[in-house]
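Below is one structure, written out as structure tokens, with a few remarks after it.
The values are calculated or read from the model by the stated rules, or taken from the named source; none is laboratory data. Keep in mind it's a predicted model, so treat the numbers as computed, not measured. In this analysis, Cβ positions are derived from the backbone assuming ideal geometry, glycine residues included, and neighbour counts consider all displayed protein chains. For the accessible areas, the whole protein counts, side chains as well, though only heavy atoms, and no ligand, DNA or RNA atoms are used. Shrake-Rupley method; radii C 1.70, N 1.55, O 1.52, S 1.80 Å.
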Amino acid sequence: MSRVLRLGYIPLVDAAAAIVATEFGFADEEGIKLELVRANSWSMLRDQLDFGQVEAAHMLSVMPVARALGLGSGDQPIEALMVLSLNGQIFGLSSKLPPLPFGDPARVGQALGELGRPLRIGVPFPFSMQAELLAYWLDRVGGGIRVDIRTVPPPRMAKALLADEIDGFCVGEPWGSHAVEQAGARLVLPGSAIWSQAPEKVLAVRKGWAEARPDMAGKLMRALWRASRWVGDASNRTTLAEVLSRPGYLDVSPDLIDRALSQRLLIAPEGPEIPIRQFQTFHTGLANFPWRSQAAWIGARLAQRNGLDVGTAMQQARDLFRSDLYRQHIGPTGAPLPRCSDKVEGALAASETVAAVHGALILDRNQFFDGQVFDPEQLAS
Amino acid sequence: MDSPLAIIVVEPDRDRALAIVDAIRLAGEHRVSVLADPAGLARRVAEIRPDLVLIDISNPSRDSLEELALASGSRDRAVAMFVDQSDSGLTRAAIEAGISAYVVDGLRPERIRPVLDAAIARFHMVSRIRTELAATKAALEERKVIDRAKGLVMRAKGLGEEQAYSLLRKAAMDQGKRLSEVAQAIVMAHEVLK
């Protein structure tokens with residue numbers, strides 16, 4: 001049987017694990033050949049997965065859930081085998097708007113309200129963590145901010161700002177920093193300031209594929225898990241930026257990529273450079289584990305925003321994040337496994353050591369900006 | 001007799017757009033408009049309110065059409081990617097040809113089929129011509145590099161054209177490389193060393 005696996009991806013910093021798995025031998029070690037297929041849009045990537053042109057895809061965490069709830073095009077179920085990254089989203093505004101204080105969701109929200117006019121905000125896809133975090137923040141910050149969400153391909157954000165099609169954006173790196181360079185945009189708020197542990201990209205496959213090809217699924221997951229560990233190791237940062245910057249991958253300068261990797265963003269062309277806590281997480285704090293509670297949060301939010309039943313949506317969503325397969329395939333590597341596949345989201349003010357199946361593991365700070373706590377069990381009962 | 005369909009073709013390349021429009025016209029009397037500039041695509045589509053949108057699968061602006069899938073106001077009609085339930089082969093064929101079709105809610109599959117069939121055939125033809133053109137161009141480029149390398153070898157070693165060419169070919173065979181790769185290396189080395 002063929003050992004070749006085609007993995008679709010979108011050129012973003014958070015495609016790092018997929019790129020590293022092929023470039024640095026993690027796929028070879030598992031005896032598989034990973035063929036990376038770059039897509040120009042999330043729709044294209046989704047179609048390629050639906051119609052079997054790729055076996056797996058680097059995908060927005062919200063997409064499999066939206067699909068299960070009947071939102072958007074297509075109806076073939078998609079599920080997530082593991083999480084590839086947390087956060088990494090950045091909200092920025094056109095230089096035509098007055099400068100705002102950086103990093104404080106409440107103050108930024110208040111300032112936007114005082115502008116007294118609707119804002120056109122570009123996001124990469126209607127079903128994305130960018131759109132969800134924006135909606136969550138704006139719902140709760142008050143101030144009656146009116147926002148008109150537009151879908152803009154990430155590499156086009158800078159152009160859309162210059163053409164006055166949008167007033168701001170929420171996008172994954174390097175495209176926020178790219179907009180700073182190309183369009184003089186000002187970065188205002190990282191996604192991690194809204195929710196410090198928001199699942200951003202997942203490894204997505206067609207439902208049933210992982211069961212039909214358990215050997216391949218396991219090899220793919222382990223290769224990506226080890227690649228994620230390599231990506232998360234700060235000492236590999238310079239090499240990683242160089243590799244991602246190649247024309248075949250992201251095709252932007254390594255300097256632009258390094259901003260996200262160093263978690264220090266230049267927030268305007270003239271500076272300053274600001275360090276951002278938990279800007280983007282690839283591996284630490286059990287980042288790759290597909291928590292059922294993460295899926296439930298996405299399901300609940302989508303349901304609230306689209307007038308669906310929240311309890312049903314949460315249940316449908318939970319089943320899509322396959323923590324069972326993670327345990328089955330990643331567990332044997334000796335990776336720490338949590339005792340439970342749900343956690344209370346938003347409940348950790350600092351990183352904390354908790355008991356694992358064997359030994360202990362560390363969970364990172366997990367906070368929503370408004371201090372809200374999302375407990376799927378409480379909501380479901 | 002069914003009323004004509006309003007169809008939008010999103011295609012920045014003028015020749016390609018015309019080829020597709022021609023193909024659709026052959027499939028029936030439809031009103032076809034071409035959008036060359038993908039900026040603000042969702043808004044334009046919402047304004048024009050077509051029955052069918054045809055767009056290259058690799059067009060980055062496709063994602064903005066997904067916005068319309070969410071349209072829920074009474075005036076809005078939901079737009080979704082066309083997936084033919086009765087014959088999943090049609091959508092597959094479209095995607096393999098590199099075309100994606102978005103339909104407005106309620107349009108019957110049998111009305112779309114002839115249009116899509118025609119567009120698929122034309123997409124295949126256009127992309128074949130493109131591939132052939134690209135191949136011809138690449139071959140020409142290779143030819144140029146090989147000629148330059150040959151010239152450099154002739155001058156450097158005082159050889160005739162035939163001999164220089166044989167030398168290049170032998171070097172390529174010995175190293176298990178393509179002739180054009182060896183030629184490229186010689187040209188590049190010359191640039192660096194001169």
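Taking only the C-alpha atoms of segment A:256-303, the Rg (one decimal) and the largest Cα-Cα distance, Dmax (whole number), read 15.2, 42 Å.
Summing Lys and Arg as +1 and Asp and Glu as -1 over all other residues whose Cβ lies under 15 Å from the Cβ of B:Ala189 gives a net charge of +4. Taking the Cα centre of the protein assembly as shown as reference, the dipole from Cβ charges on Lys and Arg (+1) and Asp and Glu (-1) amounts to some 880 debye. Taking all protein chains as shown and a probe of 1.4 angstrom, B:Met125 keeps an accessible surface of around 80 Å².
Rounded to the nearest 20, the Cβ-based charge dipole of segment A:205-251 about its Cα centre (Lys and Arg +1, Asp and Glu -1) stands at 200 debye. For the segment A:149-155, counting C-beta atoms of other chains within 10 Å of every residue's C-beta and taking the mean gives 5. Among A:Asp50, A:Asp28, A:Asp14, which one shows the biggest mean-square fluctuation in a GNM of chain A, springs joining Cα atoms closer than 10 Å? In the Gaussian network model the winner is A:Asp28. Relative to the Cα centre, the charge distribution of segment B:137-193, modelled as +1 at Lys and Arg Cβ and -1 at Asp and Glu Cβ, gives a dipole magnitude of about 40 debye.
Taking every alpha-carbon pair in segment B:137-193 and binning the separations at 5 Å intervals from zero gives 4, 23, 30, 27, 14, 2, 0 percent.
When the accessible areas of B alone and A alone are added and the area of the pair subtracted, with a 1.4 Å probe, the result is around 2000 Å², both sides summed. Other residues lying with their Cβ under 15 Å from the Cβ of A:Ser192 contribute a combined charge of -3, Lys and Arg counting +1, Asp and Glu -1. The value given for segment B:1-57 is a Kirkwood hydrodynamic radius of 11.7 Å, derived from the mean inverse Cα-Cα separation.
Once you reduce segment A:22-61 and segment A:209-235 to the center of their Cα atoms, the two points are 12 Å from each other. What's the angle, to the nearest 10 degrees (0 to 90), between helix A:292-306's Cα axis and the longest principal axis of chain A? Between the helix axis and the principal axis of chain A, the angle is about 40 degrees. In plain terms, the bigger the Kirkwood radius, the slower the diffusion; for segment A:1-92, with that radius from Cα pairs, at 20 °C and 1.002 mPa s, Stokes-Einstein puts D at 152 µm²/s. Helical content of chain B, expressed as a calculated mean residue ellipticity at 222 nm, amounts to -20500 deg cm²/dmol (DSSP H runs of 4 or more residues, -39,500 (n - 2.57) each, divided by residue number, nearest 500). Protection proxy ranking for A:178-184, A:70-76, using the average of other Cβ atoms within 10 Å per residue and placing the highest first: A:178-184, A:70-76. Note on chain B: Cα-Cα pairs beyond 20 Å make up 64% of the total pair count.
Note on A:His358 and A:Glu114: their simple-model spin labels are 5.7 nm apart, each label 7 Å out from Cα toward Cβ.
Helical content alone sets the calculated 222 nm signal of chain A at -10500 deg cm²/dmol, taking -39,500 (n - 2.57) per DSSP H segment of four or more residues and averaging over every residue.
Label zone of B:Asp37 (point 7 Å out along Cα→Cβ, amide N under 20 Å): in segment A:161-200 this covers A:161-168, A:183. Using the Cα centre of chain A as origin and beta-carbon charges of +1 (Lys, Arg) and -1 (Asp, Glu), tell me which of A:Ala210, A:Met157, A:Gly109 is placed farthest towards the positive end of the dipole. So the residue furthest toward the plus end is A:Ala210. With unit charges on the beta carbon (Lys/Arg positive, Asp/Glu negative), name the residue among B:Val34, A:Pro77, A:Val310 whose Cα is farthest towards the positive pole of the charge dipole of the protein assembly as shown. It is B:Val34, whose Cα lies furthest towards the positive end. Residues A:Phe24, A:Phe282 ordered from highest to lowest accessible area at a 1.4 Å probe: A:Phe24, A:Phe282. Projecting the Cα atoms of B:Ala101, B:Ser127, B:Leu116 onto the dipole axis of chain B, where Lys and Arg carry +1 and Asp and Glu carry -1 at the beta carbon, places B:Ser127 farthest toward the positive end.
Reported to the nearest whole Å, the Cα centre-to-centre distance from segment A:152-169 to segment B:121-194 is 42. Based on alpha-carbon centroids, what's the gap between segment A:266-314 and segment A:88-112 in Å, whole number please? If you average the Cα positions of each part, the centres end up 18 Å apart.
The mean count of C-beta atoms from other chains within 10 Å of the C-beta of residues in A:43-53, rounded to a whole number, is 5. FRET efficiency for the pair A:Ala350 and A:Asp309, taken as 1/(1 + (r/R0)^6) with r the Cβ-Cβ distance and R0 = 35 Å, rounds to 0.50. Ordering of A:253-265, A:102-114, A:194-206 by packing is A:194-206, A:253-265, A:102-114, highest average first (other Cβ atoms within 10 Å, averaged per residue).
Sorting B:148-155, A:272-279, A:88-95 by average packing, meaning the other beta carbons within 10 Å per residue, from highest down gives A:88-95, B:148-155, A:272-279.
Considering every residue in A:68-81, what mean count of other chain Cβ atoms within 10 Å of its Cβ is obtained? Could you put the intermediate results ahead of the total?
Numbers: counts 0, 0, 0, 3, 6, 11, 5, 3, 2, 0, 0, 0, 0, 0.
The per-residue average across the peptide is 2.
Multiplying the residue separation of A:Glu29 and A:Ala106 by 0.36 nm and removing their Cα-Cα distance gives an extension gain of 23.0 nm.
For chain A, the carbon plus sulfur part of the accessible surface works out to 49%, probe radius 1.4 Å. The candidates B:Leu179, A:Leu189, arranged from most to least accessible area with a 1.4 Å probe in the full protein assembly, appear as B:Leu179, A:Leu189. Convert 37 °C to kelvin, take the viscosity as 0.692 mPa s, use the Kirkwood radius over C-alpha pairs of the protein assembly as shown as Rh, and evaluate the Stokes-Einstein diffusion coefficient in µm²/s, rounded to a whole number. Value of D from the Cα-based Kirkwood radius: 128 µm²/s.
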